[in-house]
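No value in this document is a laboratory result; all are computed from the given coordinates. Small disclaimer: the values here were computed from a predicted structure and weren't measured. Here the Cβ positions follow ideal geometry from the backbone for every residue, glycine too, while neighbour counts run over all protein chains shown.
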Amino acid sequence: MKGSTLMGGMLGFTAVFAGTLWYFQNYAYYEVSNPTDYTIPLTLAGQQVNEPILARDFTVLSADTSPLKFRACFTVENSIPMLTETYQVYDGATPLKPPSWFDCFDVGQLTDDLASGAAVAFLSIKNQPKGVDQVVAVYGDGRAFAWRQMNDIFKKPQTLTD
């Protein structure tokens, strides 16, 4: 067998494998829906009780393969002052990047707006599943976004040598 034939076969296999891997990372398993009966809960301030808020116009991205693949874009009826008085504000909100084709969720803009205070993050559901919090960010105009992120449960404990 010639070396060029072997190398061509290896490169062909690598290209097919890379394309398949890219497809499974970006498209496979994801489901997008626009449910009319979807609800988003927020955690009441000072309590561990969740309460659904008034929301509409949902676009939800999810996958059964990981709870971290959840994203949602929607509109809330309540104002930020009312939400901050009633529900638990979430410190350390870090939106996770969705696939590029899910265009209602702009992770860069959302991250910047959370840092500047243009959007406020609230705890939706804590430890659902264990180690993962669902977070909701709300803008003053009613736009809202939800995602799930890892919480402190699985962070490495600090030692004297760190």
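Relative to the compact-globule estimate of 2.2 N^0.38 Å, the Cα radius of gyration of the range 73-131 comes out at 1.23. Given their separation in residues at 0.36 nm each and the Cα-Cα distance between them, residue 39 and residue 75 gain 11.8 nm when the chain is fully extended. Once the Cα atoms are used to define both axes, helix 107-116 deviates from the longest principal axis of the chain by about 40 degrees. Annotation: amide H of residue 42 within the under-5 Å range of 51, 53, sequence separation 5 or more or interchain, hydrogens built in the peptide plane.
Within the range 40-79, none of the trypsin sites (Lys or Arg not before Pro) combine a DSSP coil assignment with at most 15 other C-beta atoms in a 10 angstrom radius.
Sort the following peptides by mean Cβ neighbour count (other Cβ atoms within 10 Å, averaged over residues), highest first: 137-144, 94-101, 24-31.
Packing proxy ranking, top to bottom: 137-144, 94-101, 24-31.
Taken over the chain, lysine pairs spaced eight or more positions apart, or on distinct chains, with alpha carbons under 25 Å apart number 13. The angle separating the long axis of helix 3-26 from the principal Cα axis of greatest extent in the chain is about 10 degrees.
For the chain, the C-alpha radius of gyration divided by 2.2 N^0.38 Å, with N the number of residues, is 1.33.
Once each part is reduced to its C-alpha centroid, what is the distance from the range 100-146 to the range 23-66 in angstrom? About 11 Å separates the Cα centre of the range 100-146 from the one of the range 23-66.
The charge dipole of the chain, taken about its Cα centre with unit charges on the Cβ atoms of Lys, Arg (+1), Asp and Glu (-1) only, comes to about 740 debye.
Here each label is just a point 7 Å from Cα along the line to Cβ, and for residue 64 and residue 85 those points are 4.4 nm apart.
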